Amino acid sequence: MIKSIQQFQTEGVKKLEKVFNGYASDLTKVAEMVMGVTDSVIGLGLSMIAEEWEFYDTLLHDRKELRPGWQVVRRDKVTKLTSLGEVTYKKTYFHDPRTGERCYLLDRLMGFDPGERLTEDAVARIYEEAADSSYRKGGMNASISRVSVSKETVMEKLHGLQFPKTEQQKEKRQVKTLYIDADEDHVALQYLEKKGDTRGALKHTFMPKLVYVYEGIQTEGDRHELVGVKYFGGGYEGTTGTEELWKEVYGYIAESYDEEVLARIYVNGDGAEWIKAGAKVHARAKFVLDRYHMHKYIIAATSHLGDSAQDARSEIWHSINGKRKKEAEEVFDRITGVTQTESKKKAVETAKGYILGHWAAIMNGVRNRKDNIHCSAEGHISHIYADRMSSRPLGWSKTGADKMARLRVYKKNGGDMLELVRYQKQEHPMAAGMEEVICSAEEVLRSERKNRKVKGTLADLPVYTIPYTQIRKIAALKNHIWGL
């Protein structure tokens, strides 16, 4: 770090002086001044990082007692992409004759997988941007110095993502009523599993599910906000996927809410089988057909009636709110009787079947108006999924669509992208012989004192605060548990 600062004092400062001299000649060139300062500061930062990494590698290279049994093979110049930019530095390749293993010990210390080019902070930036825009822009956002990675690299990173369990409430909350809204998006598939798939993939649609749990709705003027909301979502295909999804949802409820106080859970949705299945999991859960889809079907059944359309709709809603199923059926039959075309008659019959077929679920909502049951799933689907996945002419693979849905949900829940990157790290078994690398800080200090006796007066050369800093770094190196 000191060398980098010294070099900046001799070279970097001159560059900055040139930038500010240029700005002094034309004060309107603000952008050029800012970009010049930014480039200089970034350059200093990258140099400092490289020097820091090389310091630890030099310790491993020069101090055999830090790596008993490991022998130096060669030293290579490599480049890592960080969120700041590309860092080029030297690291040593080692060989352990006892096991035949070869590796860069510095990579082990820093938690890098073999061949890993990106640091965690760069990957976090990629996820942040890819979740909002595209794989291409995610790759362009890898670093602030505009060094990018390919969209294929971004896709590969996302396809391998694993997600942590949804975080529960910090303390069990006591509420009498909970609401669960559920819906799904329709995402176009470019292919099923991989490019070149010839099974008519373009005709297929992937339907990621979205479920969210909340305690109610808080209203401030025209603004409505869900209280204590938590989101769940992803592909969850088939019966097994549906069971897994609802297990996660109700597991979260059990961990976050006092179920002795919880009296009822309203599951709101459009009547899809997977949603109704969720209302059967918990003894206190009831399925409620959401009014958005009811309204959509009623509009479809009456839109051709011209001036009489509004009257017909009012009759249907009047029978629903009055809990009179027979009356609702008669209204639909009268509409069918005055409908001329077969296509319109089919729309009326479809609406009739939908409303009457879900009558019990509709009545669950009507009878419990006091609980202020609403469903905003359609809007949430648009905001969380469609904005990124289906509102534009995009083509996905099943894996890509599933991972992106989960990533959007993770972000909506306030998940930290850097923590997500670190969650991917698995514990690596300690390499044979590496146990000997771990020792106490006292041993390091003893070794350093011995080193000073050998060097004599050379050890006391003024290098700012380096001796104390070096001791601390060596101690940290020696005490580090390799492979974490």
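The values are calculated or read from the model by the stated rules, or taken from the named source; none is laboratory data. These numbers were taken from a predicted model, which means no experiment stands behind them. Note: ideal-geometry Cβ built from the backbone for every residue, glycine included; neighbour counts use all protein chains shown. Accessible surface is based on the protein model in full, side chains and every heavy atom, while ligands, DNA and RNA are left aside. Shrake-Rupley method; radii C 1.70, N 1.55, O 1.52, S 1.80 Å.
Relative to the current alpha-carbon distance between Val281 and Thr205, full extension at 0.36 nm per residue lengthens the span by 24.6 nm. The order of the peptides 215-227, 289-301 by mean Cβ neighbours within 10 Å, most packed first, is 289-301, 215-227.
Under 1.5 on a/c is rounded, so check that first for segment 235-305, then, if it is not, pick prolate when a/b is larger than b/c and oblate when it is not; a ≥ b ≥ c are the square roots of the alpha carbon gyration tensor eigenvalues. Oblate, because a/c is 1.5 or more while a/b does not exceed b/c.
Sorting check: for 388-395, 25-32, 276-283, which peptide has the highest mean count of neighbouring beta carbons within 10 Å, and how do the rest follow?
Working: 388-395: 14.6, 25-32: 9.8, 276-283: 16.5.
Most protected by this proxy first, the peptides run 276-283, 388-395, 25-32.
Full extension of the chain between Val147 and Thr28 yields a length gain of 40.0 nm, computed as 0.36 nm times the residue separation minus the alpha carbon distance. Just check segment 140-195 against the gyration tensor rule for me: Cα atoms, a ≥ b ≥ c as the square roots of the eigenvalues, rounded for a/c under 1.5, and otherwise prolate or oblate depending on whether a/b exceeds b/c. It comes out oblate by the Cα gyration axes.
Compute the separation of the alpha-carbon centres of segment 216-262 and segment 13-48 and state it in Å as a whole number. Taking the Cα centre of each part, segment 216-262 and segment 13-48 sit 51 Å apart. The protection proxy used here, the mean number of other Cβ atoms lying within 10 Å of each residue, ranks peptides 309-317, 12-20 as follows, highest first: 309-317, 12-20. Assuming charge only on the beta carbon of Lys and Arg (+1) and of Asp and Glu (-1), the dipole of segment 114-162 about its Cα centre is about 220 debye to the nearest 20. Restriction of the GluC sites (Glu not before Pro) in segment 77-125 to DSSP coil positions whose beta-carbon has at most 16 other beta-carbons within 10 angstrom yields Glu116. Shown is the FRET efficiency for Ser303 and Thr79, computed with R0 = 51 Å from the Cβ-Cβ distance and rounded to the nearest 0.05: 0.25.
Each residue was assigned an accessible area with a 1.4 Å probe, and for Glu156 the value is about 140 Å². Put a dot 7 Å past the Cα of Glu419, heading toward its Cβ, do the same for Thr38, and the two dots end up 3.0 nm apart. Dipole check for segment 213-336: with +1 at the C-beta of Lys and Arg, -1 at the C-beta of Asp and Glu, and the Cα centre as origin, the magnitude is about 400 Debye. Candidates Thr10, Leu44, Val73 compared by Cα position along the dipole of segment 1-105: farthest toward the positive end lies Val73, with charges placed on Cβ.
Residue separation of Asp132 and Gln190 scaled by 0.36 nm, minus their Cα-Cα distance, works out to 18.9 nm of gained length.
For His61, the accessible area of its heavy atoms, probed at 1.4 Å with every protein chain present, is near 60 square angstrom. The charge dipole of segment 318-412, taken about its Cα centre with unit charges on the Cβ atoms of Lys, Arg (+1), Asp and Glu (-1) only, comes to about 420 debye.
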